[in-house]
Amino acid sequence: MNIYKPNFLIFKDKNEADTFVSKTIIYTINKSKSKINLGLATGSTPIDVYKNLVKAYKSEKVDFIKVSTFNLDEYVGLTSNYYKKSYRYFMDNTLFDKININMNNTFFPINWNAEIKSSRTKFNEYDELIAKKGGIDLQILGIGENGHIAFNEPGTKLNSKTSKVNLTPETIEANSRFFKDANEVPRTSVTMGLNTILQAKKIILIAYGDKKLNALKALLSADSFNEEWPCTALLLHPNVTIVTDLINSICLN
Ligand code: F6R
């Protein structure tokens, strides 16, 4: 198995880093003559990147008509009262409703209110869909404090495809800030697997704030995949760029 060194870009602040990521997305869309597939993350990290994309669309710097999107993950078991906590709502509200993307080309691994009736549900049909549509050209990732990427928690296998997974207590706690309290956070989600993510042609991982420092250090110091830190799967991909604003923490420690 080949191990690659990710490109590591440390920006002076989050604003500069956001600008870099949004410009990279815009460039990727604009340079493509035909359709283009983006893999997208939710959470706090990419919010300002998406705001920049909306601004660029409004000032006619980018057109989303040929763009398809594949989100990394979605909670399982949200009732209709909780629609606004779903990742579908997050994406519609932050980005999709504000640009000219065709909503039929915005995909999630599961519908936010789907009932999973059978334990034999084939979640990895999402991987097949992505492959059928030509694969993900550019994948945007955030990172959990425990090193998760998408909802691939510590212990996830490298060959994992899209599947239903349990969230760890740390992730439930971290995500409780979006809910009334931790009891409201769903316990499961459907997430792209590590193998799904590694199929993307190019990956940008964004890590902002001191809380992500340990995970980032684990990734930068690893020399092979370590199940305890799922982000280390990225060492097996030849085209990964890590973007961070952790200039003080990284340079002083
Ligand atoms: C979200 C996702 C997660 C987040 C991670 C960081 O779609 O896949 O892996 O990227 O939990 O979340 P924030 O950005 O809220 O710190």
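The values are calculated or read from the model by the stated rules, or taken from the named source; none is laboratory data. Everything quoted here is computed from the prediction, not taken from an experiment. Please note: Cβ atoms are built from the backbone with ideal geometry, for glycine as well, and neighbour counts cover all protein chains shown. Just so you know, the surface numbers come from the protein's heavy atoms only, side chains and all, with ligands and any DNA or RNA stripped out. Shrake-Rupley method; radii C 1.70, N 1.55, O 1.52, S 1.80 Å.
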Looking only at segment 59-86, how many residues end up being open to solvent by less than 50 Å² (accessible area, probe 1.4 Å) and among the small types (Gly, Ala, Ser)? 2
Listed residues Asn104, Asn93, Asn100; which is polar (S, T, N, Q) and in contact (Cβ under 8 Å) with a residue 12 or more places away in the chain? Asn100
Among the residues of segment 87-105, how many are surrounded by fewer than 20 Cβ atoms within 10 Å (Cβ to Cβ) and either under 23 Å from Thr168 (Cα atoms) or within 16 Å of the ligand (Cβ to nearest atom) (or both)? 4
Open to solvent by less than 10 Å² (accessible area, probe 1.4 Å) and within 15 Å of the ligand (Cβ to nearest atom), is that true of Thr156? no
Out of Ala41, Ala131, report the one residue that is of a type in the set (A, V, I, L, M), open to solvent by 40 Å² or more (accessible area, probe 1.4 Å) and closer than 22 Å to Thr191 by Cβ. Ala131
Working only within segment 150-188, note down all residues that are assigned to a helix (DSSP H, G or I) and of a type outside the set (S, T, N, Q). Pro169, Glu170, Ile172, Glu173, Ala174, Arg177, Phe178, Ala182, Glu184
Return yes when Ser22 is in contact (Cβ under 8 Å) with a residue 60 or more places away in the chain and among the small types (Gly, Ala, Ser) and no when it is not. no
Do the conditions hold for Ala56, that is, is it open to solvent by less than 20 Å² (accessible area, probe 1.4 Å), in contact with a strand residue (DSSP E or B) (Cβ under 6 Å, 6 or more places away or on another chain) and in a helix (DSSP H, G or I)? no
Taking interchain pairs and intrachain pairs at least six residues apart, which have beta carbon atoms under 8 angstrom, with the first residue in segment 62-83 and over 20 Å from Ala114 (Cβ atoms) and modelled with pLDDT of 95 or more and the second open to solvent by 70 Å² or more (accessible area, probe 1.4 Å) and within 16 Å of the ligand (Cβ to nearest atom)? none
Hey, among the residues in segment 20-38 that are in a loop (DSSP other than H, G, I, E, B) and hydroxyl-bearing (Ser, Thr, Tyr), which one's surrounded by the fewest Cβ atoms within 10 Å (Cβ to Cβ)? Ser34
Of all residues in segment 168-217, which are hydroxyl-bearing (Ser, Thr, Tyr) and either open to solvent by 30 Å² or more (accessible area, probe 1.4 Å) or free of Cβ contacts under 8 Å to residues at least 24 places away in the same chain (or both)? Thr168, Ser176
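Quick grid of which residues meet (1) within 13 Å of the ligand (Cβ to nearest atom); (2) within 14 Å of Gly147 (Cα to Cα); (3) among the basic types (Lys, Arg); (4) assigned to a loop (DSSP other than H, G, I, E, B):
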site	(1), (2), (3), (4)
Val190	yes, no, no, no
Thr196	yes, no, no, no
Ile206	yes, yes, no, no
Leu213	yes, yes, no, no
Cys231	yes, yes, no, no
Val243	yes, no, no, no
Ser249	no, no, no, no
